[in-house]
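Inspection log for the structure reproduced underneath, given as structure tokens.
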Amino acid sequence: MTDPLEKPTPGPRPRETFELEETGFNEVPKRFRRFYRRWRGPGDKLGPNEALCPVCKVVIRSTKTLRAGDRVYCMPCMSRLELVEEDGMLVAKVIY
Amino acid sequence: MTGPDSPHDLGETEFRDTVRSFEFWFEAVEGYLHGRPYGVTPGLKEAELSERQRDGLITTLCNYCVGETAALDASSGMIGFAPDRGAKVFLATQVVDEGRHLEVLLHRLGQLGVTDPDAEIEQRANRSLLKFKERLLEFVDARDWEASVFAQNVILECLEFTVFRHHAGTADPITAEMLRGIVSDERRHMGFGENDLGRRLLIAPHTHDRLYRIKRELDSLVLDTFAETLGELGIEREERPDLAGDYMAAVARLGFRS
Amino acid sequence: MVDFLSNYSIQKWLESCPQGYLQDTVYGHGPDQVEPQELLANDDYREQQIRTTVQLIAGERCALAASSGLVNAAPDQASKTFLATQTLDEGRHVEIFTRRLFDLGVKPDDLESTIKTYINPHLGKFAEVLLEKIDKKDFVAGVVGQNIVLEGMAFSVFEMLHAGAEASNPKFARTLSGTIADERRHVGFGENRIGELIRRYPDKKPEVQRMQRDMTKHMLATFHEAFSHNGAGAGRTSAAQNGASGPTYQGLNMAEASNEEMEGALSATVLKEFKTRLGRIGLEYQSPA
């Protein structure tokens, strides 16, 4: 039997990588467009690599799974955001 | 523009310099304005409007013109006392955005049969909005950066962002497309204001009380304007969008209690 | 008037400028264009170019302050709209010339100190005269000062710099040609709009002419100081160093002409332009002498 204390501790799951496709978002320069998409309202389920900008309601996308503590930029409204965990959900907060 | 492909890999200064530049504006607006004269795809069919709907839309667009003229006069005036070069260049892009909004709104009024827009605007303008405009331009004349950014880029832009977004969802196709283009611009203006002011409040917390007094003074003007505009659009009270939600959330992020 | 001003709409501006001659440019030049190696490797030549670029930034900062200030003073919607586009044009010019300073090796943190080191003091006085009118929201004087005098001067200076850079520095020449295209609209608006206002308010003439005289005095002093430093022509040093025949400006070989000859040619060109433009709008040129 293996001592449970000797088992490797389950760390955070490795980050997945995502291939970002064009979303039709056209409000930033071309090379940045795939990093954003329009929000479809409260029923819009965000992916593990996505966060909603609280300032301008655009969905921010990353090539990697997002986690609490990550910093991302919302280019359409020029905000710098940090992801925090609130009630088990990831929420983007503006950092001034 | 050169630099990393992912915007999230930019350094903070690099990010701020990028988004406030003419180059950024230039490549961003190309995405949603190219091939859309006066903000609308050529050939888009005019919907049939009843006389009451047409009249309500004219009043609403006249009031949008008041708001956009206020924003044009204010943003241009603010360049003279903006604190740094990046803010000046950003405001220059905002000036042309506001001028464009005014132009497309006037063009739409013309399509709706308005022949003397100045007279119509004077006749239909909402008193609270005119009062708001007057106060905003007083802040600009006094070269008061914090009060001007707060009144214009946080309060006025937030009001417009919420109203235009909602209106675009219910309007005829031509008005809706024109409004969606305006909303795309408003994101930049609103974000600039909130971020600039947020940074300022962190380093000069004493500014907070002064801005809070301004907020209290302007709140009723903003909410009256909002209620009246939605009334003109014939939107029932229970179906109205949550301006209080958007506006209050923005000011709450800046640390103001409602 | 309404028809004339409709030519200055934002829609027209979008089609002709960002979607026209600026398309496929980055900071006003081709994406692959860079400053010539011989310029970057030669400290004296690079410093001369930094000095010249600083004057362009100072002039454009003044134009940005003036055109934005005029939006609020404009008596009608169409003029406000045009001035909104001019404000962004001037903001763009500030940005592209600032970017050129960085391309010439100035560090972003040293931007303001570099400008302070190299700025021509007479240019500051020239700007003060204009901005005083803008502060008073004097639309007629402001537009004459900005769109006839300042833009008229800028137009000629850019053309001279363009002639000098065309062969030796295609990147800078491209940047300048976009700027010249913008200035054409600005001077056109100034003449057309103010011509009508001067006819309507003839009592404004003496005051506006006084302003033009004062601005002209500071402009000529600016030229004198600039040429006594380095000759200001973008391609002069380069062409002279190469032993090539060099570009020409107003019939002068820029590589061989003396500083005095170049200063004389530029001053004469600008003053001639002033006289013609002012005459067309019903004002009489006032000599500062």
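The label-point distance for residue B:34 and residue C:289, in a model that sets each label 7 Å from Cα toward Cβ, rounds to 5.4 nm.
Largest GNM mean-square fluctuation across C:187, C:26, C:94, computed for chain C with C-alpha springs under 10 Å, falls on C:26.
Annotation for segment B:1-49: chymotrypsin sites (Phe, Trp or Tyr not before Pro) lying in DSSP loop with at most 11 further Cβ atoms inside 10 Å of their Cβ do not exist.
Amide H contacts for residue A:64 (H built 1.01 Å from N in the peptide plane; partners 5 or more residues away or on another chain; cut-off under 5 Å): A:18.
Here the Karplus curve 6.51 cos²θ - 1.76 cosθ + 1.60, taken at θ = phi - 60°, turns the phi angles of segment A:87-94 into couplings of 6, x, 10, 7, 10, 8, 10, 6 Hz, with x standing for Gly and Pro.
Distant-in-sequence amide contacts of residue A:79, defined by a placed amide H-H separation under 5 Å and a gap of 5 or more residues or a different chain, comprise A:74.
Among the trypsin sites (Lys or Arg not before Pro) in segment B:99-181, those placed in a DSSP loop whose Cβ has at most 13 other Cβ atoms within 10 Å are B:143.
For the options C:226, C:66, C:268, a Gaussian network treatment of chain C with springs between C-alpha atoms closer than 10 Å singles out C:268 as fluctuating the most.
For the residues C:272, C:80, C:217, a GNM of chain C with alpha-carbon springs under 10 Å puts the largest fluctuation on C:272.
None of the figures in this text is laboratory data; all of them are computed from the coordinates on show. From a predicted model like this one, the values you see are computed outputs, not experimental measurements. A quick note on method: Cβ atoms are made from the backbone with ideal geometry, for glycine too, and the neighbour counts reach across all protein chains shown.
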